[in-house]
Amino acid sequence: MSRSAHPAGPRHADVLPEGHYSAPAADLNVLDEKVWSRTVTRDADGALTVGGIAVARLAEEFGTPAYFLDESDFRARCRAWADAFGPDADVFYAGKAFLSRAVVRWLKEEGLNLDVCSGGELTTALDAGMPADRIAFHGNNKTVAEIERAVEAGVGRIVLDSFQEIVRVAHIAQRRGVRQRVQIRVTVGVEAHTHEFIATAHEDQKFGIALADGQAAEAVRRALSLDGLELIGVHSHIGSQIFDMAGFEVSARRVVQLLAEIRDEHGVELPEIDLGGGLGIAYTADDDPREPHEIAKALSDIVTRECEAAKLRTPRISVEPGRAIVGPTAFTLYEVGTIKPLEGLRTYVSVDGGMSDNIRTALYDAEYSVALVSRTSDAEPMLVRVVGKHCESGDIVVKDAFLPADLAPGDLIAVPATGAYCRSMASNYNHALRPPVVAVREGEARVIVRRETEEDLLRLDVG
Ligand code: LLP
């Protein structure tokens, strides 16, 4: 991402430090629609509203910090993905991004399927009524107990991640007298241009079975030979927060090549391929994500072309977007506490949350935007670092951003695009209480995941 080191425009300090920040927006009061959910706007008093409700009311009713999830936007994004891929493909929402029973019901109503990767996610999905055949079960180290539950529930597919798991799942299914539908996760050897910790298709990492050295072909041989398994396809997931479609195209090409090799060796044309998730979203004004219809077209064009070249019947495609659906639909609302100007450096703005509700900045060097949302301001922009209340200096929520220089304790600020991997990766560090998730829709707000309480902490601490 190219960003200017020294922004033009008004300054708070005489000297601006080196950093990765763009020039401040011409008007800090304008909410960039790229990073905010669709029903977010400012009301006549200048306060941010979502689903028609002003943040001051939300803060009063639900407290801060809290995640506010724009349900209409979530549903619209589900529909956009489903429409873009059409009836001949399947969209699996990746529950790891954020999962709750309400979300499962929305997915079910909007016609999406669900990818889960743990017993906990599976329980949530089943409890909220997701039909088991619309669930895919992932993971590089599913326990025997988890596999038993998934097979017993009748999940639509288990994505096999290792040779040992091929045998484990086959054994469990056979003992139960069923044939479990499975895919094999292959590592296609693509270097996705994203943070090392969220790239998954290069060879030196824990996921999948490598294509390059013939391991994937051997996994297919074994899976086809086992009675307990019905091999329906091949799966590839190359990483996360990816904007460049080139990686997906290489991955699709390699997966189709494998299908052709399987056809040549076994005389079987596997009916499905899954190209995983990983599509990027806008966290800041510099990010330019693709729309679902562009993604669908790019993927289906490449698969169709490669299949024609290999004289294969075009398989059914599935995709697993998590972040691209839920990420843009929520923001985190914080109350400003201590403000500490460091002359010649930047101003540290402390909020009432931090790395316990958003670990992504500390973990992946992720970039976020921030805005003053309880009011507007005509004060000049000041360079800030939004930090949490935890006991370490890496507790940063937004590394470099501009807020109005008249910012004061008690103001509400919000960080947009926190719907994915924030609540789901939240922790109790320093015995922080994980914030609630509040769904807002058409003038109504309701808690879908409640705030933790100190009683919750003590209940786990059995002494
Ligand atoms: N499918 C598979 C097999 C996956 O492993 C993942 C994400 C997805 C789909 C969904 O990817 P998405 O569309 O949400 O990017 N905690 C990191 C992201 C880790 C993603 C892990 N797998 C973050 O906060 O950026």
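Give segment 84-111 a look and list any residue that's away from the ligand (no atom under 13 Å from the Cβ), within 17 Å of the chain's Cα centre (by Cα) and part of a loop (DSSP other than H, G, I, E, B), or say none.
Residue satisfying the conditions is Ser100 alone.
Could you tell me whether Gly247 is under 16 Å from Val319 (Cα atoms), under 19 Å from the mean Cα position of the chain (by Cα) and more than 12 Å from the ligand (Cβ to nearest atom)?
The answer is yes for Gly247.
Among (1) farther than 23 Å from Ala217 by Cα; (2) assigned to a loop (DSSP other than H, G, I, E, B); (3) among the polar types (S, T, N, Q), there is one condition Thr314 misses while meeting the rest; what is its number?
(1)
Taking segment 412-452 as the region of interest, how many residues are within 16 Å of the ligand (Cβ to nearest atom) and on the phi > 0 side of the Ramachandran plot?
The total comes to 2.
Going by what's in this entry, would Arg434 be described as of a type outside the set (Phe, Trp, Tyr), within 18 Å of Asp352 (Cβ to Cβ) and surrounded by 18 or more Cβ atoms within 10 Å (Cβ to Cβ)?
Yes; evaluated as a whole, the condition is true for this residue.
What residue, of Thr418, Thr376, is of a type in the set (S, T, N, Q), in contact with a strand residue (DSSP E or B) (Cβ under 6 Å, 6 or more places away or on another chain) and within 22 Å of Ala54 (Cβ to Cβ)?
Matching residue, one of Thr418, Thr376: Thr418.
Among the residues of segment 360-393, which ones are over 22 Å from Trp36 (Cβ atoms) and within 22 Å of the chain's Cα centre (by Cα)?
Ala362, Leu363, Asp365
With out of contact with any His (no Cβ under 8 Å at 6 or more places or on another chain) and within 21 Å of Val40 (Cα to Cα) as the only criterion, which of Val349, Val386, Val398 stands out?
Criteria check complete, one pass: Val398.
Restricting attention to segment 350-408, which residues are more than 13 Å from Asn430 (Cβ to Cβ), assigned to a loop (DSSP other than H, G, I, E, B), among the charged types (D, E, K, R) and more than 16 Å from the ligand (Cβ to nearest atom)?
Matches in segment 350-408: Arg375, Asp378, Glu380, Asp406.
List the number of the failed condition for Lys340; all other conditions in (1) part of a strand (DSSP E or B); (2) crowded, with 16+ Cβ neighbours inside 10 Å hold.
Going through the list (1) part of a strand (DSSP E or B); (2) crowded, with 16+ Cβ neighbours inside 10 Å, Lys340 breaks only (2).
Say we look at segment 112-129 and pick out the residues that are among the hydrophobic types (A, V, I, L, M, F, W, C) and in contact with a Phe, Trp or Tyr (Cβ under 9 Å, 6 or more places away or on another chain); which of these is farthest from the ligand (Cβ to nearest atom)?
Leu122
Looking only at segment 320-348, count every residue that is within 16 Å of the ligand (Cβ to nearest atom) and either at pLDDT below 95 or among the β-branched types (Val, Ile, Thr) (or both) and tell me the total.
Counting residues in segment 320-348 that are within 16 Å of the ligand (Cβ to nearest atom) and either at pLDDT below 95 or among the β-branched types (Val, Ile, Thr) (or both) gives 4.
Is it the case, given these coordinates, that Ala362 is in the same structural domain as Ala56 (by TED's automatic domain parsing), closer than 27 Å to Glu71 by Cβ, buried (at least 16 other Cβ atoms within 10 Å of the Cβ) and of a type in the set (Gly, Ala, Ser)?
no
The values are calculated or read from the model by the stated rules, or taken from the named source; none is laboratory data. What you are looking at is a predicted structure, and each value in this text was computed from that prediction instead of being measured. Here Cβ is always computed from backbone atoms with ideal geometry, including for glycine, and neighbour counts include all displayed protein chains.
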